[in-house]
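Asks: Quick one: the structure is below, and I'll ask about it shortly.
Throughout, read-outs are computed from the coordinates displayed, never taken from laboratory work. Every value quoted in this text rests on a predicted model; they were computed, and no experiment measured them. Methodologically, a virtual Cβ is constructed for each residue, glycine included, from the backbone with ideal geometry; neighbour enumeration extends over all protein chains shown.
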Amino acid sequence: EAGVTQFPSHSVIEKGQTVTLRCDPISGHDNLYWYRRVMGKEIKFLLHFVKESKQDESGMPNNRFLAERTGGTYSTLKVQPAELEDSGVYFCASSQRSVAGGGTDTQYFGPGTRLTVL
Amino acid sequence: AQSVTQLGSHVSVSEGALVLLRCNYSSSVPPYLFWYVQYPNQGLQLLLKYTSAATLVKGINGFEAEFKKSETSFHLTKPSAHMSDAAEYFCAVSLTGNQFYFGTGTSLTVIP
């Protein structure tokens, strides 16, 4: 079974440009999460999709970030326009079942996309 | 609000020595707790998780962690370090099972 994949693995852009990150979750996983790690700091939650719906986007930094999950399969995270502080590693994770009723399911993480904004 | 503190951003141990990576959490109610490991150029891999069953949790690769409510801790241990254990380790807490709160990570170096 293929794991969570992310593309690209690295991206270097200039301030003001646009970048789109892609995440392909494990097949059949309804839940998809985006996280970000700024260098030296903790991994921070950005948002959570259940299928194609945004369940929780409380961690999105500002309106320069737009996440989509058309058709409930892969997801994209667009940063427009990029700023210097957006540099970091963006992780995507997926899990199989909803945990609205309690309990927890393992989140499987991709290798991340390292974004550098110059 | 939940938070995680990992004491020691860098830990070095000799091969064969005990590995102890510390994690303390802050939560208003008993949380779910996780340890993930990241090897170079790979994604985070689940080592083990605590979900309110047994307080001593055994994970993969010989790691285990003990949930201590009185100390709000979930330290990760392994009796004997291998060279292949060199990686970055992350402790995480979650109340809902959806949004995870991670610590800043501990980089483990194993000295031959």
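Asks: FRET efficiency for residue A:18 and residue B:42, Cβ-Cβ distance as r, R0 = 25 Å, nearest 0.05?
Replies: 0.35
Asks: Same structure again: Please label the shape of the stretch B:34-103 as rounded, prolate or oblate, based on the square roots a ≥ b ≥ c of the eigenvalues of the alpha-carbon gyration tensor (a/c under 1.5 means rounded; beyond that, a/b larger than b/c means prolate, else oblate).
Replies: oblate
Asks: Hey, could you get me the Stokes-Einstein D for the stretch A:38-118, Kirkwood radius over alpha-carbon pairs, 20 °C and 1.002 mPa s, rounded to whole µm² s⁻¹?
Replies: Estimated via Stokes-Einstein, D reaches 154 µm²/s.
Asks: When only DSSP loop residues count, what GluC sites (Glu not before Pro) in the stretch B:33-75 have their Cβ near at most 16 other Cβ atoms within 10 Å?
Replies: Here the GluC sites (Glu not before Pro) that fit, given the DSSP loop and packing criteria, are B:71.
Asks: Which of the lysines could a cross-linker span from residue B:68 if the Cα-Cα distance has to be under 16 Å and same-chain partners fewer than 8 positions apart are dropped?
Replies: Leaving aside lysines fewer than 8 places away in the same chain, those within reach of residue B:68 are B:49, B:58.
Asks: Any idea what % of Cα-Cα pairs in the protein assembly as shown are farther than 29 Å?
Replies: 27
Asks: Checking the table A:41/B:78; A:54/B:78; A:54/B:69; A:51/B:78; A:15/A:44 against a 28 Å threshold on Cα-Cα, which pairs fail?
Replies: A:54/B:78; A:54/B:69; A:51/B:78
Asks: Can you list which of the trypsin sites (Lys or Arg not before Pro) found in the stretch B:23-109 are DSSP loop residues with at most 10 other C-beta atoms within 10 Å?
Replies: The qualifying sites are B:69.
Asks: Quick one: order A:11, A:94 by neighbouring beta-carbon count within 10 Å, fewest to most.
Replies: By the 10 Å Cβ count, ascending, the order reads A:11, A:94.
Asks: Let me ask something additional. Around residue A:96, under 9 Å between beta carbons, what's the net of Lys plus Arg minus Asp minus Glu among the other residues?
Replies: -1
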